[in-house]
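Undergrad: What follows is a single structure, and I will ask about it in a moment.
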Amino acid sequence: MRYFVTGATGFIGKFLVEKLLKRGGDVYVLVREGSGSKFVQLQERMGHLAERLHAVQGDLSQPGLGLSAADQQLLDEHIDHFFHLAAIYDIKASEEDQVKANVLGTQHALQAAHVMQAGCFHYASSIAVAGLYQGTWREDMFEEAEKLINPYLRTKHEAEKIVREQSKVPYRIYRPGMVVGHSKTGEMDKIDGPYFFMRLIKKLRASLPPWVPMLGVEGGRLNIVPVDYVTDAMDYLAHKQGLDGKVFHLTDPKPFKVGEVMNLLAQAAAAPQFTMRIDARMAAFIPKSITGPIGKLPPVRRLRQQLLRDLQIPEEALGFLTYPTKFDCRDTLRELKESGIACPSLESYAAVMWDYWLRHLDPDLFVDHTLAGNVADKVVLITGASSGIGKATALRLAETTARIVLVARDPEKLQDTRAEIEAIGGRAWTYSADISSMEDCDRLIDQVIADHGQVDVLVNNAGRSIRRGIASAYDRFHDYERTMQLNYFGALRLILRLLPHFEARHSGHVINISSIGVLTNAPRFSAYVASKAALDSFSRCAASEFSDQGIHFTTINMPLVRTPMIAPTKIYDHVPTISPEDAADMICDAIISRKKRIATRLGIFGQVLHFMMPKTTEIIMNTGFKMFPDSDAAKGAKNAVQQAPTTEQMAFAYLMKGIHW
């Protein structure tokens, strides 16, 4: 037995070729010039069977597949079965490409089969030939197709028509459903069909416990079939006598609805399931005179596009959520009955699909999550870089190829930090500036851009903190002025000076070091928290304005960090804090992920508690306020001696780890 196969190196082709080789015959596969490496991979996959696998150079886009005269003579009257699998199975591909591959490619394959006088032409069509037919589509139906709304549906329909009308050799047509990975191994080559749901399910799994009920979409039925069923059935039906001219639906006789498919995958992923599902077809009852104008509004379009982009779902795929067609495959099942070949239920292999996607196809696997990859040759400007959090962050960046711009008031300390960076192979430049001075801020940004040509990341880290109760600050208005001057106005001045530069480049990232106190409304830090809250609010507003400019804002609500800034408050020597290195890790995470906010769980819990039970939270915070009084120094006493914390104070501090008291 001799076989000729187009698309042999494709997903379905790899499995079918293996089955044909196991029958003991020779398999000739079409290989385009320049694609020899794919044929080598196919040989390696076939192992010892590869000795009967032969490459035939040609091109699907050429009449008669562009076969040489020698190859035509070799294959003439020697091909028993011609399998045409090559096609573009991608709803995102351009219409021009799909016409070339699906329509012209099929025509050229038929021409080659005629020249070879093949025994039978086996064409891999698709359920797409039905378009969006309302009702049950039988295997003997073709002209009844409805709503061929996109190039993929149209070109698959046109290609099957060519086979039906132009084939001069016996033919058999196979219409697979949505082909997914192998039901035993999960092997799949691309993200398509139900795989578009996987990213959403992964996000839900990361955000919520599995018992949380979700609101989802019911939708139409998705006819999903694993590749092993498709190739098993094709192999068997191709060799069964008396089936020429037949069409076979390789579909699931009991397909699941969209909501059911998502729940099966969510269950496999241990993610929340869509317990409450709304039938997407209900939208059809809303007049298009209402939905049309609303859907065209710029904000609605942007939100829709952003959501689809985040989940990596092509807009074309949304049309299949209300898929209206049911496929009658009774004739195919009758022919397969004696073989024992049957389509497995999605329930039996959903977990295998999920596992393979997570290990091999998850787009996050192909994103560079390393610090080095995200800052390569970028200019990162860090204020307050001579000590504490700023210095620790700079030393982390020293392990990369980032161009580190160190900013602080003390030039000698800056030089020490630079020396440490260069000692471990990093690149750093120092700029002495007082961020509380607006003139210094302008001069700094102008000079850095002049020297380096760009700034990619601004880390607003420089700041000051004052631990003093309001009652002790009635005559100290300057506490609020100087704190606001550095923490808010200075940071804001740098941002405003950089934004035109970021806009021109359509790129930029501002990372503001804020405080857990903004989330917990820490008493005794009203000056500090107010200044940080102001910067947080500005950043949220700015993020909304520059969202479409490629400019990102990240707020880090940092817990208590053991730095020189908290050293004067001796009670902090005895309470839990994080190290500057831990804080630097949070900043590096922000550089990589560009999240809008990074905070500890306690900080988020504190904010939620303030929202849900404001009075209860106020009492808790007041308890801490009374338990940790102002220091003698804060009250203005000279030569004050800080008392060691009591057991009660220590216990409270550990319970509220990271909060400023």
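Undergrad: Hey, rough spin-label estimate for Met612 and Ser507, points 7 angstrom out along Cα→Cβ, what's it come to in nanometres?
TA: Label at Met612, label at Ser507, 4.2 nm between them.
Undergrad: Counting only the backbone N, which residues of the range 493-531 are under 17 Å from the spot 7 Å out from the Cα of Arg540 toward its beta-carbon?
TA: Only 512-522, 529-531 pass the distance filter.
Undergrad: Would you tally the net charge around Ile445, using a Cβ to Cβ cut-off of less than 12 Å, leaving Ile445 out, and scoring K and R as +1, D and E as -1?
TA: Computed value for this residue: -2.
Undergrad: Using a Cα-Cα cut-off of under 16 Å, which aspartates and glutamates could be cross-linked to Lys246, ignoring same-chain neighbours fewer than 8 residues away?
TA: By straight Cα distance, Lys246 reaches Glu139, Asp140, Glu143, Glu160, Glu165, Asp235, Asp328, Asp331, Glu335.
Undergrad: I'd like the Karplus ³J(HN,Hα) series for the range 38-52: coefficients 6.51, -1.76, 1.60, θ = phi - 60°, whole numbers in Hz, and an x wherever there's a Gly or Pro.
TA: Result, rounded to whole Hz: 5, 5, 4, 4, 5, 4, 4, 5, 7, x, 5, 6, 5, 5, 10.
Undergrad: With a cut-off of 18 Å, note down the residues of the range 360-389 whose backbone N falls inside the zone around a label point 7 Å from the Cα of Asp585 toward its beta carbon.
TA: It comes to 369-372, 388-389, nothing else.
Undergrad: Right, here's the next one. Using alpha carbon centroids, what distance separates the range 162-198 and the range 413-491, in Å?
TA: 60 Å
Undergrad: Provide the FRET efficiency to the nearest 0.05 for the Ile149-Ala342 pair, computing r from the beta carbons and using R0 = 41 Å.
TA: FRET efficiency, Ile149 to Ala342: 0.80.
Undergrad: Could you work out the per residue convex hull volume over the alpha carbons of the range 130-244, in cubic angstrom?
TA: 166 Å³
FYI, it's all coordinate maths here, none of it is from the lab. A quick note: this is a predicted structure, and the numbers were derived from the prediction, not measured. Glycine gets a Cβ as well: all are built from the backbone with ideal geometry, and neighbour counts include every protein chain shown.
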